[in-house]
Amino acid sequence: MNYTLFHAINSLAGDPTLDAVMKAAARYLVFVVFLAAAALGVRCLRARQLRPVALTGAALLLTFLLGLAEAALYAEKRPFQSHHVHQLIAHAPGQSFPSDHATAAFGVAFAVAVFLSRRWGALLSVLALWIGFARVYDGIHYPLDIAGGIVAAAVGVAVVFAADRWLTHREDGSGPRDTGSPARGPA
């Protein structure tokens with residue numbers, strides 16, 4: 001199924017204008033995502049809102065580490081190493097899963113949505129989808145490689161969000177309390 005979906009997307013290549021747009025998206029759109037996130041981070045820092053920026057950084061670090069773990073657990077060659085493809089971008093052979101571009105783009109998009117701005121996070125998620133689609137269209141990733149990046153990003157951001165919620169409730173005393181001994185009935 002992974003190759004079937006890859007082939008369906010990659011076989012769309014051939015129109016010079018669309019190919020040029022997809023090559024640019026696959027290569028450079030991730031920098032637009034980074035730039036937008038950096039601008040939002042600077043805006044928060046200027047407003048002295050350090051926590052959302054720190055949480056975003058923590059989520060991105062965890063997303064990166066999860067992407068490395070995924071790559072170690074599942075070795076996948078790039079599509080052009082195993083199949084005849086329309087390869088629009090020159091790329092060295094090697095590990096395909098997960099897509100580093102998709103992992104980074106979705107990590108930034110999800111972290112921005114959760115910690116900085118829902119509206120900007122939604123827009124960056126659309127750009128991340130475009131990046132992922134373009135990487136498949138250009139013949140350098142399978143759809144599963146993009147899905148692996150999405151999973152790493154979703155888990156990384158969710159873990160940091162949950163840890164922050166747990167720590168925040170623990171600090172303000174609104175969470176469950178542990179008295180150190182089990183509840184006992186009448187003796």
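Go over the candidates 138, 164 one by one and state the one that is in contact with a helix residue (DSSP H, G or I) (Cβ under 7 Å, 6 or more places away or on another chain), modelled with pLDDT of 95 or more and more than 25 Å from residue 26 (Cα to Cα).
None of the others qualify; the one that does is 164.
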Residue 84 fails exactly one of the following numbered conditions: (1) free of Cβ contacts under 8 Å to residues at least 24 places away in the same chain; (2) within 20 Å of residue 13 (Cα to Cα); (3) part of a helix (DSSP H, G or I). What is the number of that condition?
(3)
Of the candidates 97, 110, the one satisfying the condition of being touching a residue at least 24 places away in the same chain (Cβ under 8 Å), of a type in the set (Phe, Trp, Tyr) and over 27 Å from residue 165 (Cα atoms) is 97
Checklist (1) modelled with pLDDT of 95 or more; (2) surrounded by 15 or more Cβ atoms within 10 Å (Cβ to Cβ); (3) under 22 Å from the mean Cα position of the chain (by Cα) applied to residue 38, failing item
(2)
Of all residues in region 148-162, count the ones that are in contact (Cβ under 8 Å) with a residue 12 or more places away in the chain and either surrounded by fewer than 22 Cβ atoms within 10 Å (Cβ to Cβ) or within 16 Å of residue 84 (Cα to Cα) (or both).
5
Residue check, residue 29 touching a Leu at 6+ places or on another chain (Cβ under 8 Å), under 30 Å from residue 119 (Cβ atoms) and either among the aliphatic types (A, V, I, L, M) or buried (at least 19 other Cβ atoms within 10 Å of the Cβ) (or both)
yes
Those residues of region 13-59 which are of a type outside the set (A, V, I, L, M, F, W, C), in contact (Cβ under 8 Å) with a residue 12 or more places away in the chain and outside any helix (DSSP H, G or I) amount to 14
How many residues are within 23 Å of the chain's Cα centre (by Cα), more than 13 Å from residue 86 (Cα to Cα) and either crowded, with 16+ Cβ neighbours inside 10 Å or among the hydroxyl-bearing types (Ser, Thr, Tyr) (or both) when one looks only at region 1-26?
3
Looking only at region 73-124, count how many residues are crowded, with 21+ Cβ neighbours inside 10 Å, within 17 Å of residue 6 (Cα to Cα) and in contact with a Ser or Thr (Cβ under 6 Å, 6 or more places away or on another chain).
1
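The values are calculated or read from the model by the stated rules, or taken from the named source; none is laboratory data. This one's a predicted model, so the numbers in the text were calculated from it and none came from an experiment. Heads up, the Cβs are rebuilt from the backbone with ideal geometry, glycines too, and the neighbour counts pull from every protein chain shown.
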